[in-house]
1. What's the local net charge at residue 46, with K and R +1, D and E -1, over the other residues with C-beta under 10 Å away?
2. For the range 16-126, which whole percent of the accessible surface, found with a 1.4 angstrom probe, sits on carbon and sulfur atoms?
3. Assign one of three labels to the range 29-125, namely rounded, prolate or oblate, based on the Cα gyration tensor with a ≥ b ≥ c the square roots of its eigenvalues; rounded applies when a/c is under 1.5, prolate when it is not and a/b is larger than b/c, and oblate otherwise.
4. Compute the signed sum of charges (Lys and Arg +1, Asp and Glu -1) over the other residues within less than 11 Å, Cβ to Cβ, of residue 112.
5. Which of the lysines could a cross-linker bridge to residue 111, judged by Cα under 21 Å and excluding same-chain residues fewer than eight apart?
Amino acid sequence: MQDFGNALKMFFEEMPEYKNVLLVEECIEKPISDIIDGRTVVSPLPFFGYPDLIFEENGEIIVEDFKFKIAHTKDEDGPHPVYWTQACFYYYLAREKFQREPKEMRFREVKIGKNKDGSSQHNVITLNFQSEDFQMQKSFFWYQLLGMMRAIEDVDADTFFFYNTFDLMTGREAFEM
């Protein structure tokens, strides 16, 4: 309970002031499609999510997600696969909800233990939706999503590997491959 109380205190102490808030923890459920590598892809199921915060900054839509963590993510290997997957879902949900492309997704990690050196408890990981990396991630996202749907629809189909992004030994490796 003490860690939780400290985390909330540090969360609000360093929280920036948000202007032009568009939604907070609102359910968005939308049918989703896109054009990936010149091919139209359509999800057979609507996407569903509760983005923590969507706001406008300098006329651009920003999606922000808050994560309370024991330690900040070390990003020498780039953002965690779970962040990429969540960013893809929220990119499409925000795009459909507001009928325009969001600019980026920010994951605001709040460390629950106080830093001994007095440094910030907030670590912000930003995924730029206009970047080449994100365009590649969207292709991978659709490959995985549609592959899972095919495996569910046809139990006799070739086995489809559901990678577990939390598995440090094989999940991250499968994601990177």
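The values are calculated or read from the model by the stated rules, or taken from the named source; none is laboratory data. Because the structure is predicted, anything quoted here is derived from the model rather than measured. Using ideal geometry, Cβ is built from the backbone for each residue, glycine included, and neighbour counts are taken over all protein chains shown. Side chains are part of the model used for accessible areas, which takes the heavy atoms of the whole protein and leaves out ligands, DNA and RNA. Shrake-Rupley method; radii C 1.70, N 1.55, O 1.52, S 1.80 Å.
1. Values: positive: 30; negative: 29, 96.
Cβ neighbours under 10 Å give a net charge of -1.
2. Details: 2950 of 5950 Å².
Of the solvent-accessible surface of the range 16-126, carbon and sulfur hold 50 percent.
3. prolate
4. Details: positive: 9, 67, 69, 111, 114; negative: 3, 109.
Net of charged neighbours comes to +3.
5. Here the lysines satisfying the reach criterion relative to residue 111 are 9, 67, 69, 74.
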